[in-house]
Amino acid sequence: MDTEAGWYLLLCLALSGAERTEPHAAERQWQAVDVILDCFLVMESGHREAFASNGNRKKALLLLKQVPVLDDGSLESFTDFQGGTVDKDDQLVMFEASVDLVQIPQAEALLHADCSGKEMTCEISRYFLQVRQEATIEKAAWFITNVQISRGGPSVSMVMKTFGDADNGAIWQPMLNLPQSPQGTVRTTVEFQVTTQTQSLNFLLGSSASLHCGFSMAPGLDLISVEWRLQYKGSGQMVYSWIRGQGQAKRHGATLEPEQLLMAGDASLTLPSLTLKDEGTYICQITTSLYQAQQIIQLNIQASPKIQLSLANEVLPFTLICNVAGYYPLDVVVTWIREELDGAPAEVSGAFFSSLRQSMAGTYSISSSLTAEPGPEGATYTCQVTHISLEEPLRASTRVAPHTEQRMAFEVIFVGSLFLLALLYLGLQRQQASSPKSAKTLKYSE
């Protein structure tokens, strides 16, 4: 086991050991800890927001120094990072980042990601300013770190600035040509971060959605604009824009709270009465007087199906029809289950499906038919529908009587019909017998 893996193992053991004694939420207190992220350094130019797909990738560590985290009882024995715990032969590029100027609201998720079974992706790449400052600041270098946690976890983008001046006799990082600290780290400070609580959201058709996007920036920076864009099937469109205090909604009903934006760094977007046109990839882009970063959120619209089971043909052979209507997205699974009296349920094959139908709202409908074989004692047939919008499958059942019961039923109906016809005939005969004879036609004389 290498030193880096051992460090994470000790951290997970410390965190898991406190699960039994986790304090009440009201009793939890903030504690500053070092958060260590296993990253890759992308050796290519100009990446500002997205993860790089090409270029040389070198192993790197990012050390976020003294990040405030709510103590869940596991941080009592937690020790700060020691540079000597990393093997010098690992050829790691180590970044040390101060977070004194910004807030890192997702720090707890970053700290616990490796221990909770979630995968974390972290990439660091060079960041190039859109506008140049005075010449004295040119000595500094900028990097952007993009961190994503899988399975509904958060995503964080941080712009880091290196210290411009190097001490005489400082050791330089050969790969980056930047000065290192005595601990072998490239020292930076986080001046801007943009985060979202989750990277993918599912909402039902017709409901309201809130897309989270938050940011924090260092003192001295000004907020210039907030833009929300929607990308879907290769085309993009503006949803909402806020520029220097002026907000404009391009999508009807889209809102962003200006007070929360300016006071709390909350640029979350609210979309009421969702339609299928709202589905797609949303980009929240925050622009300050010096930096720009973004977060990407996938919004998935779902509609739950409704099912109706009916016996379409009541004579041999019996035909069952299961109508499945109003669902979205397209994928749906229809399963037929047959169960005899005191028997075990069993799936039935041989069903037929109608052509797919789509409504004006964009939802789908389909019908499935099955020839029922009730057997000598009858059977219960169930139409089961599975869809991504459902927590549990939908089911509709009906009992198909055996052939003998069907014949008896038809015989009862036939005999009953004959009896009613006989009564009707006798009634008409009596009515005609009791009525007076009609008068003969009189002849008029001249």
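The table below lists the values:
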| item | result |
| --- | --- |
| Qualifying position, being among the small types (Gly, Ala, Ser), touching a residue at least 12 places away in the same chain (Cβ under 8 Å) and closer than 20 Å to Gln148 by Cα, among Ser225, Ser241, Ser216 | Ser216 |
| Meets criteria (open to solvent by 50 Å² or more (accessible area, probe 1.4 Å) and under 26 Å from Val99 (Cβ atoms)) for Leu204 | no |
| The range 331-352, residues that are surrounded by 12 or more Cβ atoms within 10 Å (Cβ to Cβ) and either within 30 Å of Gly206 (Cα to Cα) or aliphatic (A, V, I, L, M) (or both) | Val332, Val334, Thr335, Ile337, Val348, Ala351 |
| Residue under evaluation Ala170, criteria (1) open to solvent by less than 40 Å² (accessible area, probe 1.4 Å); (2) at pLDDT 80 or above; (3) in a loop (DSSP other than H, G, I, E, B), criterion not met | (2) |
| Glu339 in a strand (DSSP E or B) and acidic (Asp, Glu) | yes |
| Scope the range 228-252; condition surrounded by 15 or more Cβ atoms within 10 Å (Cβ to Cβ) and of a type in the set (D, E, K, R); matching residues | Arg229, Arg251 |
| Meets criteria (assigned to a strand (DSSP E or B), surrounded by fewer than 21 Cβ atoms within 10 Å (Cβ to Cβ), of a type outside the set (A, V, I, L, M) and within 20 Å of the chain's Cα centre (by Cα)) for Gln295 | no |
| Selected residue [more than 15 Å from Tyr327 (Cβ to Cβ), of a type in the set (A, V, I, L, M) and either surrounded by fewer than 17 Cβ atoms within 10 Å (Cβ to Cβ) or at pLDDT below 95 (or both)] from Ile388, Ile413 | Ile413 |
| Where a residue in the range 62-73 is over 16 Å from Met158 (Cα atoms) and outside any strand (DSSP E or B) and its partner, wherever it lies, is aromatic (Phe, Trp, Tyr) and open to solvent by 30 Å² or more (accessible area, probe 1.4 Å), with Cβ under 8 Å and at least six apart | Asp71/Trp30 |
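The values are calculated or read from the model by the stated rules, or taken from the named source; none is laboratory data. Note that the structure is a prediction, hence the values are computed from the model and not measured. Reconstructed Cβ throughout: ideal geometry from the backbone, glycine too, with neighbour counts over all protein chains shown. Note: accessible area is taken over every heavy atom of the protein model, side chains too, but ligands, DNA and RNA are not part of it. Shrake-Rupley method; radii C 1.70, N 1.55, O 1.52, S 1.80 Å.
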